[in-house]
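Written below as structure tokens is the structure these notes are about.
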């Protein structure tokens with residue numbers, strides 16, 4: 001437990017000390033909220049779908065969590081190249097504890113980033129449509145944490161299998177953007193062609209976005225329990241895969 005806490009605390013302190021990282025990670029979500037929210041708002045309203053910012057904001061929160069989670073894997077490559085990972089992995093503790101501490105730290109950071117975007121979304125017009133905002137806001141935080149755990153674990157698994165920044169960035173380009181754009185974060189999933197519908201159902205972020213919409217504005221397509229269940233099962237599966245890959249790292 002001490003190792004898990006130490007690795008978690010290191011990831012958290014690294015985030016707190018990097019003010020430029022915090023500000024930089026907020027730039028893209030705010031740009032999407034303003035540019036897409038107001039740019040396509042009239043088109044969305046004319047199509048009879050209502051307020052686009054209400055629809056878009058949960059997807060942008062999920063985007064912020066996704067990006068922050070996945071790119072935590074880059075830090076592991078950095079630590080490997082500069083020797084810190086070697087110092088921790090030669091300690092007489094299970095490698096799973098080291099990996100779990102890193103994942104929990106990265107997930108905490110990504111969840112905080114999502115909460116910041118959630119608060120900022122109110123400034124551009126987003127509003128909760130809930131009978132019990134406290135309880136459902138808590139469920140939204142649960143969804144954010146599950147998304148962050150899932151994709152931090154995925155980023156860790158990928159970073160465990162490669163050794164250079166170029167390879168990681170290439171894989172991220174084929175994973176992050178398709179995962180985001182096919183999740184229904186910026187467009188409704190109803191009435192899609194069959195092929196697109198299948199792809200969106202395979203995308204794990206689909207259930208994260210749907211869970212956030214269900215928690216925040218009661219506009220989910222699936223049952224909230226199904227969203228949380230799928231995210232939990234996928235996270236546990238990826239933890240097993242990442243643990244195996246992490247244990248095979250050569251130092």
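Starting from the Cα gyration tensor of region 102-178, take the square roots of the eigenvalues, sort them a ≥ b ≥ c, and report rounded, prolate or oblate (rounded when a/c is under 1.5, otherwise prolate if a/b is larger than b/c, else oblate). Prolate is the answer for region 102-178, as a/c is 1.5 or above and a/b outweighs b/c.
Could you work out how far helix 133-161 tilts from the main Cα principal axis of the chain, as a 0 to 90 degree angle to the nearest 10? Between helix and principal axis, roughly 40 degrees. In terms of the mean number of neighbouring beta-carbon atoms within 10 Å, the peptides 181-194, 214-227 order highest first as 214-227, 181-194. Rg and Dmax of region 70-127, based on Cα coordinates, read 16.2, 52 Å. Calculated mean residue ellipticity, 222 nm, the chain: -26500 deg cm²/dmol, from DSSP H runs (n ≥ 4) at -39500 (n - 2.57) each, averaged per residue and rounded to 500. Centre-to-centre separation between the Cα atoms of region 164-203 and those of region 56-100: 22 Å. Seen against the Cα atoms of the chain and their longest principal axis, helix 204-217 is set at about 50 degrees. The long axis of helix 165-181 is offset from the longest Cα principal axis of the chain by roughly 20 degrees. Mean-square fluctuations from a GNM of the chain, with a 10 angstrom spring cutoff on Cα atoms, peak among 131, 57, 240 at 131.
Rounded to 0.05, the FRET efficiency of the residue 26 and residue 166 pair, given R0 = 25 Å and the Cβ-Cβ distance, is 0.40. For region 127-251, the Cα gyration tensor yields ellipsoid semi-axes of 29, 18, 12 Å (square root of five times each eigenvalue, largest first, whole Å).
Pairs of Cα atoms in the chain fall into 5 Å distance bins, from 0 up to the last occupied one, in shares of 1, 6, 13, 18, 19, 16, 12, 8, 4, 2, 1, 0, 0 percent.
When each of 26, 205 is scored by the number of other beta-carbon atoms lying within 10 Å, the sequence from fewest to most is 26, 205.
The numbers here are math on the coordinates, done by the rules we state, and not lab data. Note that the structure is predicted; figures quoted are calculated from it, not measured. Please note: Cβ atoms are built from the backbone with ideal geometry, for glycine as well, and neighbour counts cover all protein chains shown.
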